[in-house]
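What follows is a set of notes on a single structure, which appears directly below.
Please treat every number below as a calculation from the coordinates, not as lab data. Bear in mind that the values here come from a model prediction, so they are computed numbers and not experimental data. FYI the Cβ positions are ideal-geometry reconstructions off the backbone, even for glycines, and counts take in every protein chain you see.
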């Protein structure tokens, strides 16, 4: 199921997660709520879902680097009506203090549970952009958009979808020695 490339990519992102030096005791924990629209994925209709993200954060003046682990689920309607589960690791890079635009990317393992065809478990990735607003120290609200992709396995084709949503982030340990 997994090739050497898959394992090497997963090891690269996992090592990036483990080697990131966090700000003193600051770990963002975020909850995303998404509208999801399939892209060239056959008779699949829109759906909704979300993701839980967390990981160490490094602040360098106005630059923020966050290494993230994420667990997500998106449920789609339509004749195939898949439910997509994803476990990912990746990086988010933001610029700013009170208002922070950012870009991000994740890589991991995804599973699509289709209603009428064989299920699919394979490599998944996403790329996206976000805009965060620092409401009070330790709490941020934001909006995001991304493209998510689950690679096909030769039997079942790949599955791609766009997400547009909002998120709230709690920064655990914020307000300490800053």
| task | Scan region 79-97 residue by residue and report those that are free of Cβ contacts under 8 Å to residues at least 40 places away in the same chain and more than 19 Å from residue 139 (Cβ to Cβ). | result | 79, 80, 81, 83, 85, 87, 88, 93, 95
| task | Hey, could you check region 125-156 for residues that are in contact (Cβ under 8 Å) with a residue 24 or more places away in the chain and part of a loop (DSSP other than H, G, I, E, B) and say which is farthest from residue 62 (Cα to Cα)? | result | 155
